[in-house]
Amino acid sequence: MLTTIRKHGITLALFAAGATGTTAIINQMTKSTIDIQSARQQMALFDQVVPQGRYNNDLLKSCYVLDAPALGKGSHKIYIARKDDAPVAVVMEATAPDGYSGAIQLLVGADFSGTVLGSRVTQHHETPGLGDKIELRHSDWITRFAGKIIHGDNDSQWAVKKDGGEFDQFTGATITPRAVVNAVKRAGLFAETLPQQINELSPCEE
């Protein structure tokens, strides 16, 4: 009787060990696939805010993390684009804290001389049919930042038309586009300060 129980115990232990090992292998293989797919999606998004022809380094390996009020509360990641090792532009995570329904998360690309190269919304909770026009799948409004130059902090054109600027607001929704315009402007101005800070930035943890 004890011998039989012992045999069953050993069998169960071996089965459990084998199952655990198989699960670990599958998880590792799946994780690699997910990581590769995630990296591809991130690079595709980067290419929408900084044209690929402008740089030739691996942006994902040129990641830094910092606390900068201009980009919003808390820590944000930035990615320095380089052409033959010379910094030429930056992709920045930024937050517009004052959306109609809360914070709006953005990705902003800019050079170091006041030109915004592109912007995309990565997360928001704005009203469907109104504020969600900041999303590319609903409207091309977000693409209108590309190539726009910021002439200093007091540039009055960097506002929605209701406030005397050049950017359209949405019918029935002004707060959302106003928040995005201001956040993109702040990020673009911050980009101008980066060349003096690059050697002091903290790399992202792998």
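Annotations for the structure displayed:
- Residue 83 being open to solvent by 40 Å² or more (accessible area, probe 1.4 Å) and on the phi < 0 side of the Ramachandran plot: yes
- Residues being open to solvent by 50 Å² or more (accessible area, probe 1.4 Å), at pLDDT below 60 and of a type in the set (D, E, K, R) are represented in the range 8-31 by at least one member.
- Taken as a whole, the range 123-130 holds no residue that is open to solvent by less than 40 Å² (accessible area, probe 1.4 Å), at negative phi and β-branched (Val, Ile, Thr).
- Residue count for the range 44-67, restricted to those that are assigned to a helix (DSSP H, G or I) and within 11 Å of residue 79 (Cα to Cα): 4
- Here residue 139 does not qualify as closer than 22 Å to residue 171 by Cα, of a type in the set (S, T, N, Q) and crowded, with 19+ Cβ neighbours inside 10 Å.
Quick grid of which residues meet (1) over 19 Å from the mean Cα position of the chain (by Cα); (2) closer than 16 Å to residue 79 by Cα; (3) acidic (Asp, Glu):
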residue: 116; (1), (2), (3): no, yes, no
residue: 126; (1), (2), (3): no, no, yes
residue: 131; (1), (2), (3): yes, no, no
residue: 137; (1), (2), (3): no, no, no
residue: 167; (1), (2), (3): yes, no, no
residue: 172; (1), (2), (3): yes, no, no
residue: 194; (1), (2), (3): no, yes, no
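- Test: residue in the range 147-167 that is crowded, with 20+ Cβ neighbours inside 10 Å and either in contact with a Cys (Cβ under 6 Å, 6 or more places away or on another chain) or within 20 Å of residue 69 (Cβ to Cβ) (or both): yes
- Scanning the range 65-84 for residues that are farther than 15 Å from residue 107 by Cβ and aromatic (Phe, Trp, Tyr) turns up nothing.
- Checking each residue in the range 174-192 for being within 23 Å of the chain's Cα centre (by Cα) and of a type outside the set (A, V, I, L, M) picks out 176, 177, 178, 182, 185, 186, 188, 190, 192.
- Residue satisfying condition, being open to solvent by less than 80 Å² (accessible area, probe 1.4 Å), of a type outside the set (Phe, Trp, Tyr), touching a helix residue (DSSP H, G or I) at 6+ places or on another chain (Cβ under 6 Å) and modelled with pLDDT of 95 or more, within set 96, 103: 96
- First in the range 178-204 and farther than 16 Å from residue 88 by Cβ, second anywhere and open to solvent by 50 Å² or more (accessible area, probe 1.4 Å) and of a type in the set (Val, Ile, Thr), Cβ under 7 Å, 6 or more apart: 202/65; 204/65
The values are calculated or read from the model by the stated rules, or taken from the named source; none is laboratory data. Since the model is a prediction, treat every value here as computed from it, not as a measurement. Note: ideal-geometry Cβ built from the backbone for every residue, glycine included; neighbour counts use all protein chains shown. Just so you know, the surface numbers come from the protein's heavy atoms only, side chains and all, with ligands and any DNA or RNA stripped out. Shrake-Rupley method; radii C 1.70, N 1.55, O 1.52, S 1.80 Å.
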